[in-house]
1. Please verify whether region B:304-314 includes one or more residues that are within 14 Å of chain A (Cβ to nearest Cβ) and surrounded by fewer than 20 Cβ atoms within 10 Å (Cβ to Cβ).
2. Could you list all residues from region A:13-56 that are closer than 29 Å to residue A:227 by Cβ and surrounded by 22 or more Cβ atoms within 10 Å (Cβ to Cβ)?
3. Can you find a residue that is buried (at least 20 other Cβ atoms within 10 Å of the Cβ) and in a loop (DSSP other than H, G, I, E, B) anywhere in region B:113-120?
4. For region B:257-274, does any single residue satisfy the condition of being closer than 30 Å to residue A:266 by Cβ, more than 10 Å from chain A (Cβ to nearest Cβ), under 33 Å from the mean Cα position of the chain (by Cα) and free of Cβ contacts under 8 Å to residues at least 60 places away in the same chain?
5. With the checklist (1) more than 14 Å from chain A (Cβ to nearest Cβ); (2) over 28 Å from residue A:65 (Cβ atoms); (3) touching a strand residue (DSSP E or B) at 6+ places or on another chain (Cβ under 8 Å); (4) surrounded by fewer than 21 Cβ atoms within 10 Å (Cβ to Cβ) in hand, flag the one item residue B:242 doesn't pass.
6. For the subset of region A:66-83 comprising residues that are surrounded by fewer than 22 Cβ atoms within 10 Å (Cβ to Cβ) and in a loop (DSSP other than H, G, I, E, B), which member is farthest from the other protein chains (Cβ to nearest Cβ)?
7. Please identify the pairs in which a residue from region A:64-91 that is more than 17 Å from residue A:124 (Cβ to Cβ) has its Cβ atom under 9 Å from the Cβ atom of a residue that is assigned to a loop (DSSP other than H, G, I, E, B) and at pLDDT 90 or above, counting only partners at least 6 apart or on another chain.
8. Consider residue A:241 carefully, then state whether it is surrounded by 16 or more Cβ atoms within 10 Å (Cβ to Cβ), closer than 21 Å to residue A:66 by Cβ and touching a strand residue (DSSP E or B) at 6+ places or on another chain (Cβ under 6 Å).
């Protein structure tokens, strides 16, 4: 026979002072874990949201990222007329040779400088990325030293507002518009005309990558085979979505930190919960004796204290979830973005930090494990109290 | 709640004369602290874990934000393309730079960023330099094996850091293969010599001429690495280098090696804020744990404290008992935690575990002292709450307490 849940629940409430401390402690642990995971999640989801399912990205074999890749104009000329490539309404092949470059720009508020990714794109490049929308001003004009920047980037860097000027060494680029890319990796980029970019960055014969759209599934397969098997080209081809899904190395340190801190802090929290539960058991010795006399089994007493521990830390978990949700709401309301250097492109990636329902569930589960582990020994102790002397105790 | 009614002669009877023979004040505190051994242990352990965590976080923050100091780093200069580090510079600039007054030596310094053997991440750097010029630039470096001359002579050889040699069990004469990531070429290098004694003994240096040859004489370098005649000459050199290439197609930004490192770190993002806020939460949790344990311990013996009060002990003395106990427990926890963290981090080879991401991870005395101070304040803070409630409760009410 199990004890009614009400008994545990009221016990937790009557000792509100110790309850409060334990709950606050567990809440702190849970919110640290959720918030760190939320940073990692932000980076991962920015990668996951990037790319169109039908697109293929071509880079140099051996390069790890677009920024380290080189594709020559000759290679582009060969590739551009492959018949597997789709054509747009005007009959042009939907293929875009692009240049990915980095410029160093001052951060807003005088907080030093950081690298920003500049992408030289062609008109086809815009067609290939329909999710990128213009929100202010206009797109750059081909043949002009103009740039359209991501709005999120503009919030972080000096001179990225419409009408502002970006400096690339002796060259000046005029900001003529801002775009939004729906939380994708393009939100960390500034776009300009590919040919102008080649001129400014001295890449007369070089591009970084080629983005293209095959006609259909079959064309996609045959094009992939054709490029992969052509040893002379020395190029690597993969779906755009796959390429970006792999670019999550930046999230790794946050995940490691969340894991390490979560472990260390939860051990501390287990000790604290244990302390509280032992004190609970000690002060309720007579009560436990009474329960046993009334016929509740040892098992029932163990389960009872375990449930109490879980309620206690679960409350902490709930508060922790609430706290992180509060931080998240604040961050979203204020439009705060986070940025960190991507070690592959050496440019700053801007991302939104995301507290998702699965992270909150994880935090809640985590808190319950803390409660379960923390109350196991005290619960066993309670069940082993000798009934008669327990009854006699004060 | 006047004490006058229950304390007939509070001041006239000093507690020292009341105590039972054989029990000193210190013994009394100690007995109290340890009478619930399990709780004392759990308290010490939770304080210890939190202190260890705090010390670790501070060390990590220091490691990430303070680059290792080297005396000559202040008069060594790195000049990069003003556009960004990723943009190369024309090799012909060297003739202009070496003629500038105050420049003792200059070498090309190009980050190759290749993948060693079958690794998928670049776990240590390879730089292309001019060996003849580079000699004057690694002042602190000592050659452990092989000779510098052997490296200078052989265009296909390299100078390797002792740390990396140890990590992979390499020896002089071994052949190394690197797959290019930024450069569309692969390298095949023979180890000619081993260096040690610099702030970072992990790198591999090879002939820039080899890279030029593989890249079909591309005529570019990654950055310039300069050393000034003296520390006083540095500012002048920085100005002259920047001015020399102003309004050319490749403008240059020169900064001291140290400023360059700090700039690189600032690009990672706001590391200080992140670690600062996590540390704050850890300290907050620490306070909660201690306060709650102390108040549990005190509530348990509320009756006893009321008895002591009735015997004539004053609030001040009761506060001292509680303070001594709480302070003692938290300091013990601090010693275990901070000492443990120090022992742990200095005994494991973190550089090997993190593949060179964390190199020194030194738990400095300053960090340990900070941890100790936090624990001490904590002990005092935790004693305040219970002391106040003891002081507030009248003896009669205290004696009636059952729990």
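The values are calculated or read from the model by the stated rules, or taken from the named source; none is laboratory data. None of these values were measured; they are calculated from a predicted model. Counting neighbours? That spans all protein chains shown, and the Cβs are built from the backbone with ideal geometry, glycine included.
1. Taking region B:304-314 and keeping what is within 14 Å of chain A (Cβ to nearest Cβ), we get B:304.
Okay, now just the ones that are also surrounded by fewer than 20 Cβ atoms within 10 Å (Cβ to Cβ), so B:304.
Among the residues of region B:304-314, at least one is within 14 Å of chain A (Cβ to nearest Cβ) and surrounded by fewer than 20 Cβ atoms within 10 Å (Cβ to Cβ), which makes the answer yes.
2. Here is the first cut: in region A:13-56, the ones closer than 29 Å to residue A:227 by Cβ are A:44, A:46-56.
If the condition is that a residue be closer than 29 Å to residue A:227 by Cβ and surrounded by 22 or more Cβ atoms within 10 Å (Cβ to Cβ), then A:46, A:47, A:50, A:51, A:56 are the ones that fit.
3. The first filter runs over region B:113-120 and keeps only residues buried (at least 20 other Cβ atoms within 10 Å of the Cβ), leaving B:114.
Still in the running and in a loop (DSSP other than H, G, I, E, B): B:114.
Checking region B:113-120: at least one residue is buried (at least 20 other Cβ atoms within 10 Å of the Cβ) and in a loop (DSSP other than H, G, I, E, B).
4. Just the residues of region B:257-274 that are closer than 30 Å to residue A:266 by Cβ, to begin with: B:268-274.
Subset that is more than 10 Å from chain A (Cβ to nearest Cβ): B:272-273.
From what's left, under 33 Å from the mean Cα position of the chain (by Cα): B:272-273.
Then keep just the ones that are free of Cβ contacts under 8 Å to residues at least 60 places away in the same chain; that gives B:273.
Checked region B:257-274: at least one residue is closer than 30 Å to residue A:266 by Cβ, more than 10 Å from chain A (Cβ to nearest Cβ), under 33 Å from the mean Cα position of the chain (by Cα) and free of Cβ contacts under 8 Å to residues at least 60 places away in the same chain.
5. (1)
6. A:83
7. A:67/A:208; A:68/A:208; A:69/A:208; A:70/A:208
8. Numbers: surrounded by 16 or more Cβ atoms within 10 Å (Cβ to Cβ): yes; closer than 21 Å to residue A:66 by Cβ: yes; touching a strand residue (DSSP E or B) at 6+ places or on another chain (Cβ under 6 Å): no.
So residue A:241 does not fit the description; no.
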